[in-house]
Amino acid sequence: MNSLRRLATSVLVALLITIVSLPHAGAVTIDWVTVGDPGNAADTTGYGAVAEEFRVLEFEWTNSQYAQFLNAIDPEGTNPNSVYNSNMGSNARGGISFDTNASSGSKYAVRTDMGDKPVNYVTWFDAARVSNWLQNGAQAYGNTDSSASAPQNTGAYSVGTATSGTAVAKNVGALYWVPSENEWYKAAYYNPTLNSGSGGYAVYGNGFSTLPGEVSANSTGDGSAGPTGNFANCNLAADWNGQDGNVTTVGTNGAASYYGAFDMSGNVSEWNDLTGTADSFRALRGGGYSTAALNLASSNRTTSFPTTEAPTIGFRLASPIPVPEPSTCAMAIAGLACGGYSLFRRRTRS
């Protein structure tokens, strides 16, 4: 058994060396925070009860991360399944340019000062396809397949080639997914230490229940509050890049939620799944840079068609506990069914 494990490890190491040597196969850094306290009660709004521990991204998915996804699944710039919105390159609040003359695998580039800003102009389908890409090991570098079985089109979600219509429910065994509305709500607002330790909910996603202050921004789009304090990027107050209000660097807009997730109030609204259902709508939570501070509260929710694209809409993802580690992948090398570990670096906060 030990010799078999050593062999599997050797093959895995060799495979990793090969993969990370491929052009444009840079590591995608993903920072997770743990949302514990399973079995918590719902808020008075009816949302927030979650039976199991899970993890969410510490930060909103960024332009840098999305550009890596685009170059991986669309090296020739054909825009399969409409994963790229031209506003990302033409609008001053967008963060990713497209150059048809750039070399294969480099067609998409992060715009100046926009790499650490949340990606916007993304649909729910785009977020689902990023989940699929990670589910399939993020190994699609050089891929030109846009069929229903392509790495971005099946796995966590069986979206196939659809770019409109009904948003499907996540598949059993998904390792990455758009958080359900209950999961997102809990990660943003729940605090088990409230009410003398019996648990409760903050009003805002930065852990406070009093109205947040507005952040301003410096010339490169960093929020003025840093990672502390009762602040949010809201009310068109973060003026930079010639814009009256704009997205700001993730994690620079005030305090995190109790569990450590940043920007769950303000910056961009985030896609939520309707729990376990396929539907013509999906929820949006958290508010964005143009939302009035009062409307960042947990009582405020909207729904929209899953095809909606706007400068105020982005996403973050969720994952189970435990997040798959290399030891769980060693015997699945042939299929690269390693939950995405092989091609991106993960940092986790518990």
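Pick out the one residue from 31, 99, 113 that is within 28 Å of residue 220 (Cβ to Cβ), of a type in the set (D, E, K, R) and out of contact with any strand residue (DSSP E or B) (no Cβ under 8 Å at 6 or more places or on another chain).
Residue meeting the stated conditions: 113.
For region 31-90, which residues satisfy the criterion of being part of a helix (DSSP H, G or I) and aromatic (Phe, Trp, Tyr)?
Passing the criteria: 66, 69.
Go through region 164-198 residue by residue and tally those that are surrounded by fewer than 17 Cβ atoms within 10 Å (Cβ to Cβ) and among the small types (Gly, Ala, Ser).
Going through region 164-198 one residue at a time, the tally reaches 6.
Got a number for residues in region 97-130 being buried (at least 17 other Cβ atoms within 10 Å of the Cβ), within 15 Å of residue 246 (Cβ to Cβ) and β-branched (Val, Ile, Thr)?
Final tally of qualifying residues: 1.
Which of the residues that make up region 72-86 are among the polar types (S, T, N, Q), touching a residue at least 60 places away in the same chain (Cβ under 8 Å) and either under 12 Å from residue 100 (Cα atoms) or touching a Leu at 6+ places or on another chain (Cβ under 8 Å) (or both)?
Listed by number, the list holds a single entry, 78.
What is the number of the single condition among (1) surrounded by fewer than 21 Cβ atoms within 10 Å (Cβ to Cβ); (2) touching a residue at least 12 places away in the same chain (Cβ under 8 Å); (3) of a type in the set (Asp, Glu) that residue 263 does not meet?
It fails just one condition, (1).
Could you tell me which of the residues 160, 155, 105 is in a loop (DSSP other than H, G, I, E, B) and within 22 Å of residue 56 (Cα to Cα)? So that I can check it myself, show each step before the final result.
Values: 160 fails: within 22 Å of residue 56 (Cα to Cα); 105 fails: within 22 Å of residue 56 (Cα to Cα).
Exactly one residue qualifies, and that residue is 155.
Read-outs: derived from the displayed coordinates by stated rules, not from any lab. All figures in this text were calculated on a predicted structure; none of them were measured in a lab. All Cβ positions, even for glycine, are placed from backbone atoms using ideal geometry, and neighbour counts span all protein chains on display.
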